[in-house]
Every structure is written in C-alpha cells, then in structure tokens.
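As structure tokens, the structure follows; a few thoughts come after it.
The values are calculated or read from the model by the stated rules, or taken from the named source; none is laboratory data. Since the structure is predicted, the reported quantities are computational estimates derived from the model, not experimental observations. Positions of Cβ are backbone-derived with ideal geometry, glycine not excepted, and every protein chain shown enters the neighbour counts.
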Amino acid sequence: MRFLGRAGFLARGIMYIVIGWIALLIAFRKTGQQADRTGALHELSATPFGAVALWVLVIGFIGMAIWRLSEAAFGKSRGGRPKTSTRLAALGKAVIYGVIAWGVLEYAIGIGSPPSSDQQSVDLTAMVMRHPGGRIAVIIIGLVLIGTGLYFAYQAWRKQFLDDLLLGEMGTRTRRIVEWLGRVGGIARGIVFITGGVFLVVAAAEAKPGQAKGIDSSLRALAHTPLGPWLLVIVAIGLVMFGLFSWCQARWLRM
C-alpha cells in the first residue's frame, strides 16, 4: 500500500508539473494547448517518452485510488482511532483518483481522450441546474470549492503539511526546499480552486451554465486581471512547484 501511495504522488506530481508548464506557455502566448488534465495528456503523448509517461500515470493514479480506499476502510497507519470524516474524505479521494485513472487508461490504450475540464464543468453545471433547486446546489458546490481553496492555501501558508513528512530523514537545506515548494505550491493550488468556485457561483447566480469554468479557463482568467499575465505566471510556477512537492511527498510522506 505504501508503494501504491507513493506511486500515486509521483503521478500527481507529473500531472501538476505539465499543467503548470502549459499555463506558463499560455501566459506568454506560446501555445494553444489546454492547461488541464486533457492538455497534459496530449502534451506528454507528444514527447519521445510519451507512451511510458502515460503508463506511469495509469499505474500511479490506480495506486493512489487503491491507497486512499485502504485509508477509507482501515484508517491511516499512524495510530489512533480514525475519524469518520477522515475516512469519508479518503473515500472521496479514492473515487476522484479512480475516475482520473480510468480517463488516463482510456487515452493510453487509444479508446479516446477525456473531455476538457471546461466542457465537464459546463455539462455538469447545466445538468444540475435543470433540476429544481439546481441553481442553489451549484452555488453551494461553488462555495465548497472556494472554501476548499482557502483551506488549501491556509494549510500551505501555515506549513501544516510538515506534520505528515519524515523531517528527520531530510537535511537542513532539503527541508527548506521542501517547505518552500509546499508553501508556494499549495497556495497556487488553492488559488485555482477558488477561481473555479467563483465562476460556478457566478454561473448559478446568472443562470448561465456556460459561465462555469474548468481548470484551463480558470487559469486563463487570471491573465485578465489588473496584473495582466503576471498573475498567471506566478500561479503557473506555483503549480509546477506543487508538482515537485508531490514528488517530495512520494519520498518522505509518513505512511
């Protein structure tokens, strides 16, 4: 289970690094590729080692899903009575990573490409809003995303992630680098969640599902702030740093 979990963090790191790199290119108008999971798969498949990279992602995300499922069933291995909320959170993550693994597997074997995050957001928002109370439900989901993003950013700023790492196995310089990667990367990840949540709330308030945005459009929207493309550049670098931090978790996370 530890091996599967570490493989999952390795795969997550690759995905975030590629998405961050695409976002950085978008900021300088160097690519039309989508800065999301679909775009990352296209970008990886175009490289000389694309086939190998795709299967690393498949194995990693399947491993992450199984590891999270084991946490939901048995709790974490650090001792103490696991909380129901912790198990439910692990179950939710297992489902999410299972869906991601299935999408990457389909792409790797040539069945098809997963839909873009933008299209998924619009389709799901439209489906929910067709039902009675759907607009309220979408607003709640948007607020949950905003709250999750704020929580991620707060955790990163307070460096709470250090509690889960084997700090004794790191040198002083390595620990400083890991702290920097986790802090900046976590805040950048939180900003993406917050931006996506804001667009969901706006879409529901205006009854326009097309206003819902996935990761790609949420990142592109950052380039249209008063700071211009530089906010997108900062967040893109932060996402790359979060990917590198995920690799650090693959090595030093306490499991």
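Some notes on this structure:
- Answer from G142, G112 - the residue that is surrounded by 19 or more Cβ atoms within 10 Å (Cβ to Cβ) and either in contact with a Leu (Cβ under 6 Å, 6 or more places away or on another chain) or not in a helix (DSSP H, G or I) (or both): G142
- Every condition in (1) surrounded by fewer than 22 Cβ atoms within 10 Å (Cβ to Cβ); (2) of a type in the set (V, I, T); (3) under 21 Å from I109 (Cα atoms) is met by T38 except one, and the failing one is (1).
- So T174, is it in a helix (DSSP H, G or I), β-branched (V, I, T), free of Cβ contacts under 8 Å to residues at least 40 places away in the same chain and surrounded by fewer than 16 Cβ atoms within 10 Å (Cβ to Cβ): yes
- F242, sole failed condition from (1) at pLDDT 90 or above; (2) over 21 Å from H42 (Cα atoms): (2)
Here's the yes/no breakdown for (1) touching a Leu at 6+ places or on another chain (Cβ under 6 Å); (2) without any contact (Cβ under 8 Å) to a residue 12 or more places away in the chain; (3) closer than 25 Å to P114 by Cβ:
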position: K159; (1), (2), (3): no, no, no
position: L166; (1), (2), (3): no, no, no
position: L181; (1), (2), (3): yes, no, no
position: F199; (1), (2), (3): no, no, yes
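- Checked against the criterion of being at pLDDT 90 or above, within 19 Å of G210 (Cα to Cα) and in contact with a Leu (Cβ under 9 Å, 6 or more places away or on another chain), the stretch 117-134 has no qualifying residue.
- Looking at R130, R135, R158, just one residue is loosely packed, with under 13 Cβ neighbours inside 10 Å and under 22 Å from T195 (Cβ atoms), and that residue is R158.
- Within the stretch 11-37, the set of residues being under 13 Å from the mean Cα position of the chain (by Cα) and part of a helix (DSSP H, G or I) comprises A11, R12, G13, I14, M15, Y16, I17, V18, I19, G20, R37.
- Identity of the residue in the stretch 220-255, closer than 23 Å to F199 by Cα and more than 19 Å from the chain's Cα centre (by Cα), that ends up surrounded by the most Cβ atoms within 10 Å (Cβ to Cβ): A223
- Where G168 falls short, out of the listed (1) in a helix (DSSP H, G or I); (2) surrounded by 16 or more Cβ atoms within 10 Å (Cβ to Cβ): (2)
- Some residue of the stretch 155-172 being within 30 Å of Q33 (Cα to Cα) and basic (K, R): no
- Flag if G50 is of a type outside the set (A, V, I, L, M), modelled with pLDDT of 95 or more and either in contact with a Gly (Cβ under 6 Å, 6 or more places away or on another chain) or surrounded by fewer than 20 Cβ atoms within 10 Å (Cβ to Cβ) (or both): no
- Qualifying position, being hydrophobic (A, V, I, L, M, F, W, C), free of Cβ contacts under 8 Å to residues at least 12 places away in the same chain and in a helix (DSSP H, G or I), among A51, A40, A89: A89
- Of all residues in the stretch 100-109, one or more are more than 19 Å from T148 (Cβ to Cβ), more than 16 Å from the chain's Cα centre (by Cα), part of a loop (DSSP other than H, G, I, E, B) and free of Cβ contacts under 8 Å to residues at least 24 places away in the same chain.
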